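Mind having a look at this structure? Questions to follow.
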């Protein structure tokens, strides 16, 4: 079975400029995902999908394969990571390289490690899954959350049965953590939706589930890396 890791790292981050190569505890952010993929030993190719030659060069320094840059269409503000995945698969096929599975590894999840990658593949084999997606326990139960009206009124904000319920008495909810998206390539190309037939969760610890979006997340991730690694 041939497997490819695809790490999407376009250069157009607006919330945190150059986020994907911003130094985090001494290394560019994208380097953490490249190193975890290589250390897992499960991939035939670890590819960084980027529209920037500068990013590509940094990725190559850490061992990634970047034989082509991402197109303008797949790098626009309206394009998704799935567009980058599809383009990467198609481009490698032109070079005669095809893959049975791919794993999308967002660089904004630097605490996801090689063990998580290996275990996600193990989960796919065990469950005979078409796709595996990582989740973690939600920080707060949605049963105690709601939207607010314009005047900020809390009338009816939470149903009475959940108003003072201890956290331990509520059902455990999970959320996508953005760290791992694993799928069989033909299933993805055929369906275009990995959250369908035989898609299962891979549960990760919350401390490895940080998803960097802004400077606060970045600082928090750096603190966690210094504490645990």
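What single numbered condition from (1) at pLDDT 95 or above; (2) out of contact with any helix residue (DSSP H, G or I) (no Cβ under 6 Å at 6 or more places or on another chain); (3) surrounded by 11 or more Cβ atoms within 10 Å (Cβ to Cβ) fails to hold for residue 191?
(1)
To continue, here is another question. Would the range 146-155 turn up any residue that is at pLDDT 80 or above, over 26 Å from the mean Cα position of the chain (by Cα), surrounded by 10 or more Cβ atoms within 10 Å (Cβ to Cβ) and farther than 19 Å from residue 199 by Cβ?
Looking through the range 146-155, at least one residue is at pLDDT 80 or above, over 26 Å from the mean Cα position of the chain (by Cα), surrounded by 10 or more Cβ atoms within 10 Å (Cβ to Cβ) and farther than 19 Å from residue 199 by Cβ.
Got a sec? Which of 64, 31, 72 is closer than 28 Å to residue 125 by Cβ and either in contact (Cβ under 8 Å) with a residue 12 or more places away in the chain or out of contact with any strand residue (DSSP E or B) (no Cβ under 8 Å at 6 or more places or on another chain) (or both)?
64
Since residue 80 meets every condition but one in (1) within 30 Å of residue 125 (Cα to Cα); (2) at pLDDT 95 or above, which condition does it not meet?
So residue 80 meets the others, but not (2).
The values are calculated or read from the model by the stated rules, or taken from the named source; none is laboratory data. Nothing here was measured: the structure is a model prediction, and the numbers come from that model. With ideal geometry, Cβ positions are generated from the backbone for all residues, glycine too; neighbour counts draw on all protein chains shown.
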